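J.: Here you go, one structure.
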Amino acid sequence: MLDRLAAKGRQRALGTVLNVEAVTPHMRRIRLGGAEIAAFVQGDGVDAPGAWVKLFIPSGEGRAYTLRAVDREAGTVLIDLVLHGERGDGPASMWAAQARVGDQVSIAGPRSGGFAPPGDTQWLLLAGDTTALPAIQSIAGALDASVQVEAYVEVNGVAEQQPIPTAADWRTTWLLTDPDEPGRRLCQQLLHHPLPSEPGYIWLAGEAAAVRELKLHFQERGIERHRLSAKGYWRMGSADHRD
Ligand SMILES: Cc1cc2nc3c(=O)[nH]c(=O)nc-3n(C[C@H](O)[C@H](O)[C@H](O)COP(=O)(O)OP(=O)(O)OC[C@H]3O[C@@H](n4cnc5c(N)ncnc54)[C@H](O)[C@@H]3O)c2cc1C
């Protein structure tokens, strides 16, 4: 398996939890380090905006998580995990809620976050839920002042809003999740959203049904394939969803 990963430019690295932080009431940030992680962060693609890995928790189960940040000098990575236990727990969320310094986990990757705006892009529309927030922050950190960005982020409460540091000309609209229908508020906002006539790029991630609805909508509005990235990050009622 290691050979197969290497052929794709990916590695699997064992790491130790060095730090656990409650970023918000429902977001845990873990810092991973150790010799294999230090080697992992020297590889290609780890700091591409929205890059992600498969995180294998101590039970051995694996789930997809964004590399929120990598520190090549320190040889560490940060991963932000949503605690979604109130709406049905999963092994990764349960582990994150009780993660301790010293826990051993592995990561495999990196894989592309799909963020690939063409060179003529003048505006960006980014939309997602709390699971997409680490990727949105990672994208934000990579942008320069030349691009205009509108971001729509659906969160479970005002306390889940986070700063999004960026050099770009950036506007965030925070939406509160309808607990019965995650992603609905994003759809309501974006289905009637006016788009500039200049060339732009749309990046979507979050609950799979909502992302799919938005993707179809923007395709129907004539957004070309290379100007649209859409990925379901999880699916309501389905464990270990893969888009
Ligand atoms: C490319 C990519 C990047 C991702 N990056 C991140 C990230 O940086 N941070 C992050 O927190 N998540 C991220 N996710 C989403 C994460 O992989 C899923 O939420 C995953 O299902 C969590 O695993 P689990 O073991 O907690 O739950 P699972 O065992 O997969 O699911 C158990 C139950 O929980 C429900 N569920 C899963 N996630 C949620 C949720 N967020 N809210 C409510 N119910 C949920 C499922 O519908 C299911 O009913 C990413 C996904 C992808 C594909």
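Bear in mind that the values in this text are calculations on the coordinates, not laboratory data. Since the structure is predicted, the reported quantities are computational estimates derived from the model, not experimental observations. Using ideal geometry, Cβ is built from the backbone for each residue, glycine included, and neighbour counts are taken over all protein chains shown.
J.: For LEU176, LEU125, LEU78, LEU32, what ranking results if the residue with the fewest other Cβ atoms within 10 Å of its Cβ goes first? Walk me through the intermediate numbers first.
T.: Values: LEU176 13, LEU125 22, LEU78 19, LEU32 29.
So the residues, fewest neighbours to most, are LEU176, LEU78, LEU125, LEU32.
J.: I've got another one for you. Compute the relative contact order of the chain as a whole-number percentage, counting only Cα pairs closer than 8 Å that sit 6 or more residues apart in sequence.
T.: Values: 519 pairs, mean separation 41.9, N = 243.
Averaging sequence separation for qualifying contacts and normalising by length gives 17 percent for the chain.
J.: According to the square roots a ≥ b ≥ c of the eigenvalues of the Cα gyration tensor, what is the shape class of the chain, taking rounded for a/c under 1.5, prolate for a/b larger than b/c otherwise, and oblate for the remainder? Walk me through the numbers before you get to the answer.
T.: Working: a/c = 1.74, a/b = 1.37, b/c = 1.27.
Here the chain falls in the prolate category.
J.: How would you classify the stretch 123-234 from its alpha-carbon gyration tensor, with a ≥ b ≥ c the square roots of the eigenvalues: rounded for a/c under 1.5, else prolate if a/b is greater than b/c, otherwise oblate?
T.: oblate
J.: Something else about it: Pull up all non-local amide H partners of ALA167: gap of 5 or more, or a different chain, and H-to-H distance under 5 Å with H placed in the peptide plane.
T.: Those qualifying (amide H under 5 Å, at least 5 residues apart or on another chain) are LEU143.
J.: Taking θ = phi - 60°, what integer Hz values does the Karplus form 6.51 cos²θ - 1.76 cosθ + 1.60 yield along the stretch 145-159, in sequence order, with x for Gly and Pro?
T.: Along the stretch 145-159, the couplings run 6, 7, 10, 9, 10, 10, 10, 10, 10, 9, 10, 7, x, 4, 5 Hz.
J.: Right, next: Cα gyration tensor of the stretch 16-127, axes a ≥ b ≥ c as square roots of the eigenvalues: rounded (a/c below 1.5), prolate (a/b > b/c) or oblate?
T.: Numbers: a/c = 2.02, a/b = 1.29, b/c = 1.56.
In terms of gyration-tensor shape, oblate.
J.: In whole Hz, what ³J(HN,Hα) sequence does the stretch 104-121 give by Karplus (6.51, -1.76, 1.60; θ = phi - 60°), x for Gly and Pro?
T.: Going residue by residue, I get 10, 9, 10, 10, 10, x, x, 10, 6, x, x, 7, 9, x, x, x, 8, 4 Hz, with x marking Gly and Pro.
J.: Can you tell me the FRET efficiency between ASP44 and GLN98 if r is taken as the Cβ-Cβ distance and R0 is 35 Å, rounded to the nearest 0.05?
T.: On the way: r = 34 Å, r/R0 = 0.96.
So, using R0 = 35 Å, E works out to roughly 0.55.
J.: Can you list the residues, at least 5 places off or on another chain, whose amide H is less than 5 Å from the amide H of MET27, using H built in the peptide plane?
T.: It is LEU83, by chain and number.
J.: If you don't mind, another one. Using alpha-carbon positions, what is the distance between the centroids of the stretch 78-156 and the stretch 210-243, in Å?
T.: Cα centres, the stretch 78-156 to the stretch 210-243: 15 Å.
J.: Along its principal axes, what span do the Cα atoms of the stretch 141-184 show, with the longest given first and each in whole Å?
T.: Largest first, the stretch 141-184 extends 39, 19, 13 Å along its Cα principal axes.
J.: Okay, moving on. Taking 30 Å as R0, compute the FRET efficiency from the Cβ-Cβ separation of GLU181 and ALA116 and round it to 0.05.
T.: On the way: r = 30 Å, r/R0 = 1.00.
With a Förster radius of 30 Å, E is 0.50.
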